[in-house]
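Encoded as structure tokens, the structure appears first; notes follow it.
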Amino acid sequence: MAMIMISFIAVLICAMLVNVNSIMANAKILETEDKKLTTGRIDSAQKDVNGNTTWVLSGNWKSNLFTNTKFNDTNPAKFSATVNMVLANGSSPHKHKISDFSLNRVSKQDNATTYEGTLSISMMDGPVFGIPYLIKDFQNDTISISLEGITSDQLNVVNHFGGTPIIGKFTN
């Protein structure tokens, strides 16, 4: 009986060591992938038609768009963000996640590179998918994210963000 117990403990210790090594390997892969991503801050204000600030936006974004030019099935374009919104009077704080990023087209004009495609944004009633966007990169210093709407759900998202671009700055 003691021999069975010792064998069980030895197997358990080996399984734990294998699991720890697997966790460390996965963490190293994620760390390597994150080093390839450019990061930045959301620092923006949405204004009404009179130019008055209605919403203050903050948050973070990360992407491989600005460090990579060759995207394919094994190396897809990535962009994600968390956008915190609060009314200018400090009320109604809430958060949105930008995900499900898809890149359809890249173009360059003057000092800006424009990325076009679709993305999803989390809203109070659930995510809204397939929202057309334009992300403009101004010399790896500033980005602007413009949302466009086709369906009524997408138009509601565009209206929620004030119909003006969300501005971000690079941090690395």
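The values are calculated or read from the model by the stated rules, or taken from the named source; none is laboratory data. Remember, it's a predicted structure, so these values are computed and weren't measured experimentally. Cβ placement follows ideal geometry from the backbone for every residue including glycine, while neighbour counts extend to all protein chains displayed.
Quick rundown of the values:
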read-out: Number of the condition not met by Ser152 [criteria: (1) more than 17 Å from Lys78 (Cβ to Cβ); (2) among the small types (Gly, Ala, Ser); (3) under 18 Å from the mean Cα position of the chain (by Cα)]; value: (3)
read-out: Odd one out for Leu57, checked against (1) modelled with pLDDT of 95 or more; (2) over 15 Å from the mean Cα position of the chain (by Cα); value: (2)
read-out: Some residue of region 113-123 being in contact with a helix residue (DSSP H, G or I) (Cβ under 9 Å, 6 or more places away or on another chain) and more than 23 Å from Lys36 (Cα to Cα); value: yes
read-out: Filtered residue count, region 88-130, keeping only those that are of a type in the set (Ser, Thr, Tyr) and touching an Asp or Glu at 6+ places or on another chain (Cβ under 7 Å); value: 2
